[in-house]
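The values are calculated or read from the model by the stated rules, or taken from the named source; none is laboratory data. For clarity, every value in this text was computed on a predicted model and none was experimentally measured. Glycine gets a Cβ as well: all are built from the backbone with ideal geometry, and neighbour counts include every protein chain shown.
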């Protein structure tokens, strides 16, 4: 079956392009729209930024995304804008374009289209424009060859102008697409998803594609069978009761962030450092878990928060603790034909505190060297219960039982924090790689207890997460 989408207002129906063709390659090579550029091909530089629009909560929703990481069928039923399509009638520049020209914020030409698209999405976001919001919106556009100040000035001038662009008539999306010997399934119900997973147990499960997309954008691997989860309503749900927050596995970071910020502020601060808005707009927490990377940012936090996973298949559902889900390096307890349906996170009680700290070479948009996550429960001035988990310290995200034992039952003090730090070497035997040496990882993981002590003791109120 064909897929269809609007590209700069023009209906496109595609039936004979390989499904693992990246959106960037389609835009440039098939549509001939070369304003969108390829820089890093892994979602870091932002040169390939475009805007994908759809309805959300009854309103038009414009989101900047990295076209280098998206597979073409992910556009099915949506509306897409590139830098060639943002200008108004009779060739009038969009306010973002005009402001960049006026402020001399234009780049050499290679990265400017990505800046335009990020600010175009911000202008249509209906958010209160602040400098903090502008910097966040531009964090995924790394080029600064003309200086950052005029770009921010252009954002201040143009993004205060309401967007106002209306969506075109909605398009139907296809459940499957195949071409060039490759199959792409996009089931629209959880029953259909379970059936497709049962029929294709070796398929690649695709949430947003911020990790899997690198196999096609960077490594140019033609994946034979891909199953896309983003069209299943149950996997996009966010529900909450008195005891827990439940996130569907296909909920993006951007959609989850308001709930997480309200309930777990430190976790939310860390999520904003996982990647740019372009990444958060498509990346999913379920995908971050299923990927099972030992340096994934969310699993240590979820382990420390005592989260559980609901796994589903054609045979039914089962629930398990997330810490039991990770078996070995890139190996999980997910069975053939099974997928992650949702993540249930207990709410913090009034006696519990949660903190997480990410250590990376660069503050924004960098892979972690170490992630530390800590949930402490206090009773009568003593630590009644503690859960500690680290990423980057073992083949899987893993709890720290010796550190936990050193804290449990103790009165919270600098000496007790130091005693827990001394146990890190007994809990972990990390490796050295290009991100950090094993010695550095052990040292910094221990030092984070001092950061935790100051944070919880209100000695240092400035940062909830930090980078080194």
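Any residue at all in segment 172-192 that's farther than 29 Å from residue 74 by Cβ and either without any contact (Cβ under 8 Å) to a residue 40 or more places away in the chain or assigned to a loop (DSSP other than H, G, I, E, B) (or both)? So far as segment 172-192 goes, no, none of its residues is farther than 29 Å from residue 74 by Cβ and either without any contact (Cβ under 8 Å) to a residue 40 or more places away in the chain or assigned to a loop (DSSP other than H, G, I, E, B) (or both). Restricting 43, 58, 77, 91 to those that are at positive phi and within 21 Å of the chain's Cα centre (by Cα) reduces the list to 43.
Among (1) modelled with pLDDT of 95 or more; (2) within 27 Å of residue 269 (Cβ to Cβ), which single condition is residue 148 missing? Of the numbered conditions (1) modelled with pLDDT of 95 or more; (2) within 27 Å of residue 269 (Cβ to Cβ), the odd one out for residue 148 is (1).
A quick yes/no check of all residues on (1) under 23 Å from residue 323 (Cα atoms); (2) part of a loop (DSSP other than H, G, I, E, B):
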residue	(1), (2)
255	no, no
258	no, no
266	yes, no
275	no, yes
279	no, no
286	yes, no
294	yes, yes
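Condition check ((1) closer than 18 Å to residue 17 by Cα; (2) at pLDDT 90 or above) across all residues:
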| site | (1), (2) |
| --- | --- |
| 163 | no, no |
| 169 | no, no |
| 177 | yes, yes |
| 180 | yes, yes |
| 183 | yes, yes |
| 197 | no, yes |
| 207 | no, yes |
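When segment 193-217 is filtered for residues that are surrounded by 15 or more Cβ atoms within 10 Å (Cβ to Cβ) and assigned to a loop (DSSP other than H, G, I, E, B), the ones remaining, listed by number, are 200, 203, 207, 208, 209, 210, 211, 212. When the criteria are applied in full, residue 120 meets the requirement of being surrounded by 13 or more Cβ atoms within 10 Å (Cβ to Cβ) and in a helix (DSSP H, G or I).
Picking from residues in segment 15-31 that are more than 19 Å from residue 224 (Cβ to Cβ) and touching a helix residue (DSSP H, G or I) at 6+ places or on another chain (Cβ under 7 Å), the one that is surrounded by the fewest Cβ atoms within 10 Å (Cβ to Cβ) is 26.
Under the condition of being in contact with a strand residue (DSSP E or B) (Cβ under 7 Å, 6 or more places away or on another chain) and part of a loop (DSSP other than H, G, I, E, B), which residue from segment 407-423 is farthest from residue 382 (Cα to Cα)? Break it down into steps so the answer makes sense when it comes.
At the first step, the residues of segment 407-423 found to be in contact with a strand residue (DSSP E or B) (Cβ under 7 Å, 6 or more places away or on another chain) are 407-412.
When the remaining residues are screened for being part of a loop (DSSP other than H, G, I, E, B), the result is 408-410, 412.
On the way: 408: 8, 409: 6, 410: 5, 412: 6 Å.
Checking each candidate, the answer is 408.
Pull up segment 322-365, narrow it to residues that are in a strand (DSSP E or B) and out of contact with any helix residue (DSSP H, G or I) (no Cβ under 9 Å at 6 or more places or on another chain), then point me to the one that is nearest to residue 441 (Cα to Cα). The residue in question is 328.
Taking the stated definitions as given, is residue 239 surrounded by fewer than 17 Cβ atoms within 10 Å (Cβ to Cβ) and touching a strand residue (DSSP E or B) at 6+ places or on another chain (Cβ under 9 Å)? Steps first, please.
Details: surrounded by fewer than 17 Cβ atoms within 10 Å (Cβ to Cβ): yes; touching a strand residue (DSSP E or B) at 6+ places or on another chain (Cβ under 9 Å): yes.
The answer is yes for residue 239.
Summed over segment 39-74, residues that are at pLDDT 95 or above, touching a helix residue (DSSP H, G or I) at 6+ places or on another chain (Cβ under 6 Å) and either surrounded by fewer than 19 Cβ atoms within 10 Å (Cβ to Cβ) or under 25 Å from residue 182 (Cβ atoms) (or both) total 9.
Please go through segment 293-307 and pick out each residue that is touching a strand residue (DSSP E or B) at 6+ places or on another chain (Cβ under 7 Å) and buried (at least 21 other Cβ atoms within 10 Å of the Cβ). Before the answer, list the steps.
As a first pass, look at segment 293-307 and keep what is touching a strand residue (DSSP E or B) at 6+ places or on another chain (Cβ under 7 Å): 294-297, 299-307.
294, 296, 297, 299, 300, 301, 302, 303, 304, 305, 307, listed by residue number.
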